[in-house]
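Notes to accompany the following structure.
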Amino acid sequence: MANPLFDTLFGQHIGSDAVFLQLPGNQNLTYASFLDMAARYAGLLTDFGLVPGDRVAVQIEKSPQALAVYAACAQAGLVFLPLNTAYTADEVSYFVENSGAGILLGDDTKKHALAPIAERCNARLETLNADGSGSFPDKAAAFPRTFDTVSRDESDLAAFLYTSGTTGRSKGAMLSQGNLLSNARVLLSEWRFTSDDVLLHALPIFHTHGLFVATNIILLSGGQMIFLPKFDLDQMIAELPRATSLMGVPTFYTRLLSDARFTKDLAQHMRLFVSGSAPLLAETHVQFEDRTGHRILERYGMTETNMNTSNPYDGERRAGTVGFPLPGVELKITDSKTGKTLAQGEIGEIEVRGPNVFQGYWQMPEKTAEELREDGFFITGDLGQIDPDGYVTIVGRNKDLIISGGYNIYPKEIELILDEQDGVLESAVIGVPHPDFGESVIGILVAKPGENLDLDGIGENIGKSLARFKQPQKLVVVPELPRNTMGKVQKKALREEFAAILSR
Ligand code: MLC
Ligand code: AMP
């Protein structure tokens, strides 16, 4: 095959009048129209001088056009690099520079902030707005509706997704065509997607969940998506009766359950609810079944690995577990210190190997070597256990990570910024329970001797460089941080001490 990713996901639909996207306002977009748009974009990107393997960085709102940029990259052999729309210019700057992207696509409202970044990094800047307007689509209109698909193979890179690290520096996870395709194929079959499916899509499309898990499965199946710009409870309630399936983070499910309009009748047409990206409380699972008669199917994945495990479609979906390793994925529980496989039932580090596992971190061979073993096993940083029936449970994390509403937040990144603030001696950032987001960020500060900290000023200042969702919901000052005999900050003790801080 000339270009496995494009041909398999997109190429099979060229010229098809079947509906691909249902958009708010009763507008439908067919596969043919979507792919015409993608071909024009591929023509333009190539005309800009981008060649196979070049990175295309995008920080654009969710729209059919934004998704067409992904398709265009696949068709032109370019590497798609989507960025969270909440990132500040400081954050975007790092990604553009680190990836060496040849082009940065942004929203017109952010053009002013992005222009100096593009200039400094020698990247071209074009705009694409939420409503589909912008310099990029304007220029693309002059290009033909067909494009000669660039030849690629499964080992070629298809996307970079940046994931923050425990050192505070983001790493570009390199995903190949084969990584994406193998996972899409397995999930399609495991979750029984067909062209009759209508997926209610309310996730962002700059992360694995909304971009690859949800979108690639629908493309492969030839089904449709009700494509919402974001999660909006009223819109979800209005659209659910027309959908067959939903994929969401746990916050989606707790929010739906909080609304009395969400009833068994409303979910009558649905065949599948999938949850992932963060732990789903067993209690939510039970409440959901009581309310709708449906058992949520929980699965477990990562940016670096796509999806690793899933509860079964047929058979028991066990609350509090993430199910079994997917076909083709090997999963073992190891001793964090020795790397040796532990006996069944013991708690240890989850390691995975398979065609889903990424190719390494862009230009960071040492980081890659720390997490990706030579034998192909990836050390996830999650702690797990396998029960006698083979169900995997995630019991904790061996990495200092907070997951808020499905977004990963690495404390180190925030601590580095807090430590630089006026009067701050040191800081510790922890996650505490939050009723809506699961976990929320709290910053704990120690002042330099004799200093009085201006917490409002610090909060405002860090907001200039940190995306809103990463900013601590509360800053507190303590005389000193608890440490163990090795001098390491005891975050567990801090989490216990401040567990109820948000309700105080
Ligand atoms: C928004 N806000 C958040 C937040 N999302 N704060 C903390 N955590 C979050 N996740 C803040 C905004 O900055 C804003 O702050 C306020 O909340 C309201 O913003 P909003 O845009 O109206 O929020 P809302 O639409 O309610 O978003 C919540 C959400 C969204 C949960 C629907 O965050 C979401 O769609 N999350 C999904 C993330 C995801 O796709 N993860 C997958 C990663 S892939 P203020 O103060 O300005 O009001 C992965 C691998 C795998 O993990 O296994 O899937
Ligand atoms: P990311 O790096 O954004 O891809 O996030 C991956 C991390 O999300 C994993 O390493 C887990 O810690 C977490 N995660 C994903 N799915 C689940 C799940 N079903 N239950 C618990 N944690 C999950």
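The values are calculated or read from the model by the stated rules, or taken from the named source; none is laboratory data. As the structure is a prediction and not an experimental result, all values here were calculated from the model. Here the Cβ positions follow ideal geometry from the backbone for every residue, glycine too, while neighbour counts run over all protein chains shown.
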Quiz item: Residues in the range 3-10: is at least one touching a residue at least 24 places away in the same chain (Cβ under 8 Å) and outside any helix (DSSP H, G or I)?
Solution: yes
Quiz item: Would it be correct to say that LEU297 is within 22 Å of the chain's Cα centre (by Cα) and more than 19 Å from PHE193 (Cβ to Cβ)?
Solution: no
Exercise. Could you check how many residues of the range 206-220 are under 12 Å from ALA71 (Cβ atoms) and either near ligand 1 (Cβ under 8 Å from one of its atoms) or among the aliphatic types (A, V, I, L, M) (or both)?
Key: 2
Quiz item: Any idea which of (1) surrounded by 11 or more Cβ atoms within 10 Å (Cβ to Cβ); (2) under 30 Å from ALA113 (Cβ atoms); (3) at pLDDT below 95 is the one ILE501 doesn't satisfy?
Solution: (2)
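The rows are residues; the columns are (1) more than 23 Å from PRO52 (Cα to Cα); (2) over 21 Å from the mean Cα position of the chain (by Cα); (3) crowded, with 18+ Cβ neighbours inside 10 Å; (4) not acidic (Asp, Glu).
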{"site": "PHE143", "(1), (2), (3), (4)": "no, yes, no, yes"}
{"site": "ASP153", "(1), (2), (3), (4)": "no, yes, no, no"}
{"site": "ALA158", "(1), (2), (3), (4)": "no, no, yes, yes"}
{"site": "LEU199", "(1), (2), (3), (4)": "yes, no, yes, yes"}
Quiz item: How about the range 446-504: which of its residues are more than 15 Å from ligand 1 (Cβ to nearest atom) and charged (D, E, K, R)?
Solution: LYS448, GLU451, ASP454, GLU480, ARG483, LYS488, LYS491, LYS492, ARG495, GLU496, GLU497, ARG504
Quiz item: What number goes with the only condition from (1) in contact with an Asp or Glu (Cβ under 6 Å, 6 or more places away or on another chain); (2) away from ligand 1 (no atom under 15 Å from the Cβ); (3) farther than 23 Å from ARG192 by Cβ that GLN359 does not pass?
Solution: (1)
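Residues checked against (1) in a helix (DSSP H, G or I); (2) among the aliphatic types (A, V, I, L, M); (3) under 22 Å from the mean Cα position of the chain (by Cα); (4) not assigned by TED's automatic domain parsing to the domain that holds TYR31:
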residue: VAL92; (1), (2), (3), (4): yes, yes, yes, no
residue: ALA101; (1), (2), (3), (4): no, yes, yes, no
residue: LEU114; (1), (2), (3), (4): yes, yes, no, no
residue: GLU119; (1), (2), (3), (4): yes, no, no, no
residue: PRO137; (1), (2), (3), (4): yes, no, no, no
residue: ASP148; (1), (2), (3), (4): no, no, no, no
residue: TYR162; (1), (2), (3), (4): no, no, yes, yes
residue: GLY178; (1), (2), (3), (4): yes, no, yes, yes
Exercise. Report yes if THR166 is within 16 Å of ligand 2 (Cβ to nearest atom), part of a loop (DSSP other than H, G, I, E, B) and touching a residue at least 40 places away in the same chain (Cβ under 8 Å), otherwise no.
Key: yes
Exercise. Would you please name the residue that is farthest from ligand 2 (Cβ to nearest atom), looking only at residues in the range 194-210 that are in contact with a helix residue (DSSP H, G or I) (Cβ under 7 Å, 6 or more places away or on another chain) and within 20 Å of PHE95 (Cα to Cα)?
Key: ILE205
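So, restricting to strands (runs of 3 or more DSSP E) that lie completely within the range 393-483, which ones have at least 2 residues that are within 16 Å of ligand 2 (Cβ to nearest atom) and over 16 Å from ILE501 (Cβ atoms)? Write out each step before concluding.
On the way: elements: 402-404, 407-409, 424-434, 438-447, 474-477.
Strands (runs of 3 or more DSSP E) meeting the threshold: 407-409.
Could you list, in sequence order, all residues of the range 404-423 that are closer than 30 Å to ASP454 by Cβ and within 16 Å of ligand 1 (Cβ to nearest atom)?
Within the range 404-423, the first condition is being closer than 30 Å to ASP454 by Cβ, and the residues that meet it are 404-405, 407-423.
Listed by number, the residues that qualify are SER404, GLY405, TYR407, ASN408, ILE409, TYR410, PRO411, GLU413, ILE414.
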Quiz item: What number of residues within the range 340-380 satisfy the criterion of being free of Cβ contacts under 8 Å to residues at least 40 places away in the same chain and at positive phi?
Solution: 1
Quiz item: Among (1) among the aliphatic types (A, V, I, L, M); (2) closer than 18 Å to THR163 by Cα; (3) outside any strand (DSSP E or B), where does ALA343 come up short?
Solution: (2)
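Of the residues that sit in the range 264-317 and are small (Gly, Ala, Ser) and near ligand 2 (Cβ under 9 Å from one of its atoms), which one is surrounded by the fewest Cβ atoms within 10 Å (Cβ to Cβ)? Quick ask: steps written out before the conclusion?
Of the range 264-317, the ones small (Gly, Ala, Ser) are 267, 275-278, 282, 293, 301, 310, 315.
Of the ones still in play, those that are also near ligand 2 (Cβ under 9 Å from one of its atoms) are 275-278, 301.
Values: SER275: 25, GLY276: 24, SER277: 27, ALA278: 19, GLY301: 24.
Per the criteria, the residue is ALA278.
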Quiz item: With respect to the numbered conditions (1) in the same structural domain as THR85 (by TED's automatic domain parsing); (2) at negative phi, which one is the sole condition not fulfilled by SER170?
Solution: (1)
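Tell me, please, whether a residue that is hydrophobic (A, V, I, L, M, F, W, C), surrounded by 16 or more Cβ atoms within 10 Å (Cβ to Cβ), farther than 30 Å from GLU298 by Cα and modelled with pLDDT of 95 or more can be found in the range 426-436.
As a first pass, look at the range 426-436 and keep what is hydrophobic (A, V, I, L, M, F, W, C): 428-430, 432.
From what is left, the residues that are surrounded by 16 or more Cβ atoms within 10 Å (Cβ to Cβ) are 428-430, 432.
From what's left, farther than 30 Å from GLU298 by Cα: 428.
So of that shortlist, the ones also modelled with pLDDT of 95 or more come out as 428.
Scanning the range 426-436, I find at least one residue that is hydrophobic (A, V, I, L, M, F, W, C), surrounded by 16 or more Cβ atoms within 10 Å (Cβ to Cβ), farther than 30 Å from GLU298 by Cα and modelled with pLDDT of 95 or more, so the answer is yes.
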Practice problem: Please list, ordered by first then second residue, the pairs with beta carbon atoms under 6 Å, 6 or more apart or interchain, first in the range 20-42 and within 12 Å of ILE226 (Cα to Cα) and in a strand (DSSP E or B), second at pLDDT 95 or above and hydroxyl-bearing (Ser, Thr, Tyr). | Solution: PHE20/TYR31
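Mind listing whichever residues of the range 453-472 are closer than 17 Å to LEU401 by Cβ and not aromatic (Phe, Trp, Tyr)? Steps first, please.
Our first condition is that a residue be closer than 17 Å to LEU401 by Cβ; within the range 453-472, this holds for 466-467, 469-472.
Hits for the range 453-472 are LEU466, ALA467, LYS470, GLN471, PRO472.
Within the range 63-77, identify whether any single residue is among the aromatic types (Phe, Trp, Tyr), closer than 21 Å to SER176 by Cα and in contact (Cβ under 8 Å) with a residue 60 or more places away in the chain, and answer yes or no.
Looking only at the range 63-77, we keep the residues that are among the aromatic types (Phe, Trp, Tyr), and these are 70.
Among the residues that remain, those that are also closer than 21 Å to SER176 by Cα are: 70.
Imposing the further condition that a residue be in contact (Cβ under 8 Å) with a residue 60 or more places away in the chain reduces the set to 70.
Yes; the residues of the range 63-77 include at least one that is among the aromatic types (Phe, Trp, Tyr), closer than 21 Å to SER176 by Cα and in contact (Cβ under 8 Å) with a residue 60 or more places away in the chain.
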